[in-house]
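Engineer: Okay, here's the structure, questions in a sec.
The values are calculated or read from the model by the stated rules, or taken from the named source; none is laboratory data. None of the values given here were measured: they were computed from a predicted structure. We place every Cβ from the backbone using ideal geometry, glycine too, and count neighbours over all the protein chains shown.
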Amino acid sequence: MRTRASYRGRGVASALLSQACEEAARRGYRRVSLETGSGEFFAPARALYAKFGFVDTEPFGDYKPDPNSCFMTKRSTDRGRKASAESFFSGPSGLAWAAGCRPAAWM
């Protein structure tokens with residue numbers, strides 16, 4: 001996902017991902033993983049993901065190691081039971097997460 005320059009800094013990406021993360025929690029998913037770029041252009045996205053609790057991880061799904069990609073993941077804080085929306089929403093201002101350059105992979 002990419003936010004148009006005139007809308008950056010307004011929380012648009014966070015709001016969109018908040019909705020997706022609410023759905024992940026509703027479905028009981030315990031982990032959300034994403035791929036974004038590793039270049040300087042993607043530094044703001046990576047910083048925002050980290051601010052919301054995402055950590056670096058190995059490639060997932062069909063992804064292969066790629067020097068142009070950064071793989072990140074965040075797990076629900078609920079252990080051993082269905083994930084709740086609250087277990088995913090630990091980011092700033094109560095919003096969920098930011099946007100990457102490909103759709104999030106739900107696992």
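Engineer: Contact list please: Cβ distance under 9 Å, first residue in the range 17-35 and farther than 14 Å from Phe60 by Cβ, second residue assigned to a helix (DSSP H, G or I) and among the aromatic types (Phe, Trp, Tyr), pairs at least six apart or on different chains.
Structural biologist: Cys21/Phe88; Glu22/Phe88; Ala24/Phe88; Ala25/Phe88
Engineer: Looking at (1) surrounded by fewer than 16 Cβ atoms within 10 Å (Cβ to Cβ); (2) small (Gly, Ala, Ser); (3) more than 14 Å from Ser76 (Cβ to Cβ), which is the only condition Ser18 fails?
Structural biologist: (1)
Engineer: How many of the residues in the range 1-16 are among the hydroxyl-bearing types (Ser, Thr, Tyr) and touching a residue at least 60 places away in the same chain (Cβ under 8 Å)?
Structural biologist: Result for the range 1-16: 2.
Engineer: Right, another one. Suppose the filter is out of contact with any strand residue (DSSP E or B) (no Cβ under 6 Å at 6 or more places or on another chain), more than 17 Å from Thr3 (Cα to Cα) and of a type in the set (Phe, Trp, Tyr); does Phe52 pass it?
Structural biologist: When the stated conditions are applied, Phe52 passes them.
Engineer: If you go through the range 29-44 one residue at a time, how many are aromatic (Phe, Trp, Tyr) and under 14 Å from Asn68 (Cα atoms)?
Structural biologist: 2
Engineer: Just one of Ser69, Ser87, Ser6 is among the hydroxyl-bearing types (Ser, Thr, Tyr) and modelled with pLDDT under 85; which is it?
Structural biologist: None of the other options fit; the residue is Ser87.
Engineer: Within the set of pairs 6 or more residues apart or between chains, which connect a residue that is touching a residue at least 40 places away in the same chain (Cβ under 8 Å) and under 19 Å from Ala43 (Cα atoms) inside the range 54-78 to a residue that is basic (Lys, Arg) and crowded, with 19+ Cβ neighbours inside 10 Å with Cβ atoms less than 7 Å apart?
Structural biologist: Matching pairs, first to second residue: Phe54/Lys74.
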